[in-house]
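Participant: A single structure is presented below for examination.
What follows is calculated from the coordinates using simple rules that are stated; it is not laboratory data. Bear in mind that the values here come from a model prediction, so they are computed numbers and not experimental data. Glycine gets a Cβ as well: all are built from the backbone with ideal geometry, and neighbour counts include every protein chain shown.
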Amino acid sequence: MGRASRKSNQPTMAEKADRHELYEASVQDVEVEIDFLDETYEAIRGRKARRFREDFCGTASAACEWVRRRPDNEATGIDLDRPTLDWGIDHRVSRLSADQQLRVRLLQQDVREVSAPQADIVGAFNFSYFTFRTRDALRGYFENVRSGLAEDGVFFLDAFGGSEAISEMKEKTELDGFTYVWHQAHYEPVTAFMRCHIHFHFDDGSKLNKAFTYEWRHWTLPEIQELLLEAGFAKATVYWEGTDEDGEGNGVYEPEPHGEADPAWIAYIVAER
Ligand SMILES: C[S@@+](CC[C@H](N)C(=O)[O-])C[C@H]1O[C@@H](n2cnc3c(N)ncnc32)[C@H](O)[C@@H]1O
């Protein structure tokens, strides 16, 4: 917690803040995420997906969005962290209708060990699988995902890269009522190990430092695609973001075999079982 001036022992903005709400407002847009999964699955398989498994689900917001989409959609969220799952139950699942709540199941388990019901789609977002730092560990996770997919199932991941991704830096983004700070604190070229933090700063000068910390291996797209194929996936395709007339990202992702040397890109990888 940072220093802040106080008046009459009022709690600071940082003390009043909820780090999960701030996280979601900063780095998650589950409507856009689920649109991409839903539309891409239908484009590949020619039918709508029904069963979604959200790996590293955290607060399970994407799982909740999935069951809101159609009355027969079902979702399973998997995360190791009990307090985060409980927050999701209290703040996200509880907002669903009674019928929608019946179609979401949350499991406190390791995504490498879980044996969840067969899914049409498995999603792993916000680079969470970067937590696996050896080829064996990442391939083992991918094998578990594949065995949890239906025969025509599809696995969706995201990845980030570019020259800025492997530098030590802080990026501040002003959002509604607070500043989101992405901090790449430590990067090792020999191992591709990186330690990153999310901090939140507030207008009263208070701070939530290290609200979230990640210790990751920075995987490259060819490594990820190779490991998906080694794990048995039939095909792994990178979807790259298009640009508008000003050269800015337009939010439309299409299959792309080469990409370009953007200093800070985010891409999806779509792996067909
Ligand atoms: C970066 S958050 C992702 C939250 C959300 N899914 C998103 O897209 O923003 C990573 C989550 O992965 C969970 N996690 C880390 N290792 C895990 C593992 N081996 N199995 C299951 N969950 C894990 C953490 O508890 C944390 O909630």
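Participant: List the residues, sorted by chain then number, that are 5 or more residues from Arg50 or on another chain and whose placed amide H is less than 5 Å from its amide H.
Facilitator: Under 5 Å from the amide H of Arg50: Asp120.
Participant: Separate question: Which whole-number percent gives the relative contact order of the stretch 1-93, counting Cα pairs below 8 Å spaced six or more residues apart?
Facilitator: Over the stretch 1-93, the number comes to 22 percent.
Participant: Which value at 222 nm does the chain reach when only helices count, each DSSP H run of 4 or more adding -39,500 (n - 2.57), with the total divided by all residues and rounded to the nearest 500 deg cm²/dmol?
Facilitator: Rounded to the nearest 500, the figure is -8000 deg cm²/dmol.
Participant: In a Gaussian network model over the chain where Cα atoms closer than 10 Å are linked, find which of Leu106, Leu157, Leu80 has the largest mean-square fluctuation.
Facilitator: The residue that fluctuates most here is Leu80.
Participant: In nm, to one decimal, how far is the Thr179 label point from the Ala43 one, both placed 7 Å along Cα→Cβ?
Facilitator: The answer from the label model is 3.8 nm.
Participant: Another question about this same structure. For a test of the definition: using alpha carbon positions, the gyration tensor, and the 1.5 limit on a/c, classify the stretch 101-147 as rounded, prolate or oblate.
Facilitator: prolate
Participant: Report relative contact order for the stretch 161-273 in percent, whole number only (criteria: Cα-Cα under 8 Å, sequence separation at least 6).
Facilitator: Taking the mean separation of contacting Cα pairs over the length of the stretch 161-273, I get 22 percent.
Participant: Here's another thing I want to ask about it. Once phi is turned into ³J(HN,Hα) by the Karplus curve 6.51 cos²θ - 1.76 cosθ + 1.60 with θ = phi - 60°, what whole-Hz value does each residue of the stretch 177-185 show in order, with x for glycine and proline?
Facilitator: Couplings: x, 6, 10, 8, 10, 9, 10, 8, 7 Hz.
Participant: Continuing with the same structure: Size of the dipole of the stretch 136-207 about the Cα centre, Lys and Arg at +1 and Asp and Glu at -1 on the beta carbon, nothing else charged, in debye to 20?
Facilitator: Taking the Cα centre of the stretch 136-207 as origin, the dipole is about 240 debye.
Participant: Another question, then. Name the most mobile residue of Asp246, Asp152, Asp262, meaning the one with the largest mean-square fluctuation, in a Gaussian network model of the chain with Cα contacts below 10 Å.
Facilitator: Asp246
Participant: Something else: Tell me, what is the Rg over Rh of the stretch 73-127, with Rh the Kirkwood radius over Cα pairs?
Facilitator: 0.95
Participant: From zero outward in steps of 5 Å, how is the percent of C-alpha pairs of the stretch 124-273 spread across the bins?
Facilitator: Pair shares across the bins are 2, 8, 16, 19, 17, 16, 11, 7, 3, 1, 0.
Participant: On to the next question. Go ahead and run the numbers for FRET between Glu164 and Arg135, Cβ-Cβ distance against an R0 of 30 Å, rounding to 0.05.
Facilitator: Step by step, r from the Cβ atoms, then E = 0.75.
Participant: Can you tell me how the chain classifies by the Cα gyration tensor, rounded, prolate or oblate, using a/c under 1.5 as the rounded cut?
Facilitator: Oblate, because a/c is 1.5 or more while a/b does not exceed b/c.
Participant: Dividing the convex hull volume of the Cα atoms of the stretch 22-137 by its residue count, what figure in Å³ per residue is obtained?
Facilitator: Once divided by residue count, the hull of the stretch 22-137 is 114 Å³.
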